[in-house]
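Reading through the structure tokens given below for one structure.
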Amino acid sequence: MFDYEVTDSRTSATYNDDSCGEQYSASGEYHVLTIRAQNVGSTPAYPPSDSWEGVYAYSENGTQYSTEDNICAFADETNPGNSTEYELVFDVPENTELTVIDLSAESAPEVAVVEVP
């Protein structure tokens, strides 16, 4: 189980994927969200980092967006009481405002709804 916070939100036409050594260009524009996940459970777990696990962003009108699947998104296994930071990247139409994200994973199945600042 995790507590989540969006600590940074930015937009960009490109994304430098340091983990995989690639640079990507958005079809629309990238919304890059930095997530802080604190493990409030009693066992080590991985916070969710892609849409396959259950990560989606929503615009104000309720349109759902998945994470950019070419980017090597991952989060570290986190021990109870510790936290980790990682980025989620969404390719959305230009001028789209993301308002919330849903986060769930096999090791953290409860769906968390987190506001995007």
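The values are calculated or read from the model by the stated rules, or taken from the named source; none is laboratory data. This one's a predicted model, so the numbers in the text were calculated from it and none came from an experiment. Ideal geometry is used to build each Cβ from the backbone, glycine not excepted, and the neighbour counts take in all protein chains shown. Keep in mind that these areas ignore ligands, DNA and RNA; they rest on the heavy atoms of the full protein, side chains included. Shrake-Rupley method; radii C 1.70, N 1.55, O 1.52, S 1.80 Å.
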Subset of region 2-13 (residues that are within 16 Å of the chain's Cα centre (by Cα) and either of a type outside the set (A, V, I, L, M) or open to solvent by 40 Å² or more (accessible area, probe 1.4 Å) (or both)): 2, 3, 4, 5, 7, 8, 9, 10, 11, 12
Sole exception among (1) under 19 Å from residue 98 (Cα atoms); (2) out of contact with any Gly (no Cβ under 8 Å at 6 or more places or on another chain); (3) at pLDDT 90 or above for residue 48, by number: (2)
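Condition test on residue 87, is it touching a residue at least 60 places away in the same chain (Cβ under 8 Å) and either in contact with an Asp or Glu (Cβ under 9 Å, 6 or more places away or on another chain) or assigned to a strand (DSSP E or B) (or both)?
Numbers: touching a residue at least 60 places away in the same chain (Cβ under 8 Å): no; either in contact with an Asp or Glu (Cβ under 9 Å, 6 or more places away or on another chain) or assigned to a strand (DSSP E or B) (or both): yes.
No.
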All positions within region 14-54 that are over 16 Å from residue 67 (Cα atoms) and either surrounded by 19 or more Cβ atoms within 10 Å (Cβ to Cβ) or of a type in the set (Phe, Trp, Tyr) (or both): 37, 39, 45, 46
Matching residues in region 64-83 - criterion: being loosely packed, with under 14 Cβ neighbours inside 10 Å, without any contact (Cβ under 8 Å) to a residue 24 or more places away in the chain and assigned to a loop (DSSP other than H, G, I, E, B): 69
